[in-house]
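Undergrad: The structure is given below, and queries will be raised subsequently.
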Amino acid sequence: MEIVYSVVIFTAILMVLALLILFIRSRLVPQGDITINVNSERKLRVPAGGRLLGTLADAGIFVPSACGGGGTCGQCRVKVHEGGGSLLPTESSLITKRDAAAGERLACQVPVDGDLDIQVPEDVFGVKKWQCRVRSNHNVATF
């Protein structure tokens, strides 16, 4: 009988913890749709969450990013006029204080958790997505 009580108490504790996690998550994680105003011309209505680079790519705006969103190359620069929060430590090595004061951010590091007003370079709108398959590769590193 002690085993049954132990199992019941253990299951009850797990359920309470799971409910607590769900409650906290509902309070901390942004939910719902937000609006991203791109170059004062295009308005995107997107779900909250994720990073700006991926959200723009899902909307067909492909900002270049050699590092794939890791925050190490600095190619995905955009100007954030409103929203986006403060500069992250991963951005501080690639964006100067002057650029940060002007609103420069890395799209791969900007959280999409509220309405944003951004400016991307005009040539980005002409970029198309290519799908391809690598047939072979050749390692040229000497190590």
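The values are calculated or read from the model by the stated rules, or taken from the named source; none is laboratory data. All values reported here derive from a predicted model rather than from experimental measurement. Cβ: placed from backbone, ideal geometry, glycine included. Neighbour counts: every protein chain shown.
Undergrad: With the requirement that a residue be in a loop (DSSP other than H, G, I, E, B) and touching a Lys or Arg at 6+ places or on another chain (Cβ under 7 Å), what does the stretch 58-86 give you?
TA: First, the residues of the stretch 58-86 that are in a loop (DSSP other than H, G, I, E, B): 59-76, 83-86.
Answer for the stretch 58-86, where residues must be in a loop (DSSP other than H, G, I, E, B) and touching a Lys or Arg at 6+ places or on another chain (Cβ under 7 Å): F62, G69, G84.
Undergrad: Specify the residue that is farthest from the chain's Cα centre (by Cα); the eligible residues are those in the stretch 26-42 that are in a strand (DSSP E or B) and surrounded by 12 or more Cβ atoms within 10 Å (Cβ to Cβ).
TA: Of the stretch 26-42, the ones in a strand (DSSP E or B) are 33-38, 42.
If we keep only those that are surrounded by 12 or more Cβ atoms within 10 Å (Cβ to Cβ) too, we end up with 34-38, 42.
On the way: I34: 14, T35: 15, I36: 13, N37: 16, V38: 16, R42: 19 Å.
Looking at residues that are in a strand (DSSP E or B) and surrounded by 12 or more Cβ atoms within 10 Å (Cβ to Cβ), I get R42.
Undergrad: Exactly one of these conditions fails for A100: (1) more than 14 Å from T55 (Cβ to Cβ); (2) touching a helix residue (DSSP H, G or I) at 6+ places or on another chain (Cβ under 7 Å); (3) small (G, A, S). Give me its number.
TA: Against the list (1) more than 14 Å from T55 (Cβ to Cβ); (2) touching a helix residue (DSSP H, G or I) at 6+ places or on another chain (Cβ under 7 Å); (3) small (G, A, S), A100 comes up short only on (2).
Undergrad: Go through (1) of a type outside the set (S, T, Y); (2) in a loop (DSSP other than H, G, I, E, B); (3) touching a residue at least 60 places away in the same chain (Cβ under 8 Å); (4) exposed (fewer than 15 other Cβ atoms within 10 Å of the Cβ) one by one and return the number of the condition F125 breaks.
TA: (2)
Undergrad: Could you pull out the residue among R133, R45, R98 that is assigned to a strand (DSSP E or B), exposed (fewer than 10 other Cβ atoms within 10 Å of the Cβ) and at pLDDT 90 or above? Let's see the steps before the verdict.
TA: Numbers: R133 fails: assigned to a strand (DSSP E or B); R98 fails: assigned to a strand (DSSP E or B).
From the options R133, R45, R98, the qualifying one is R45.
Undergrad: G103 - would you say it is modelled with pLDDT of 90 or more and on the phi > 0 side of the Ramachandran plot?
TA: Criteria met by G103.
Undergrad: Moving on to the next point. If the requirement is being assigned to a helix (DSSP H, G or I), touching a residue at least 40 places away in the same chain (Cβ under 8 Å) and either farther than 27 Å from P30 by Cβ or not assigned by TED's automatic domain parsing to the domain that holds R25 (or both), which of these qualifies: T90, T55?
TA: Among T90, T55, only T55 is assigned to a helix (DSSP H, G or I), touching a residue at least 40 places away in the same chain (Cβ under 8 Å) and either farther than 27 Å from P30 by Cβ or not assigned by TED's automatic domain parsing to the domain that holds R25 (or both).
Undergrad: Which of the residues that make up the stretch 101-121 are not in a loop (DSSP other than H, G, I, E, B) and not polar (S, T, N, Q)?
TA: A101, E104, R105, L106, P111, L116, D117, I118
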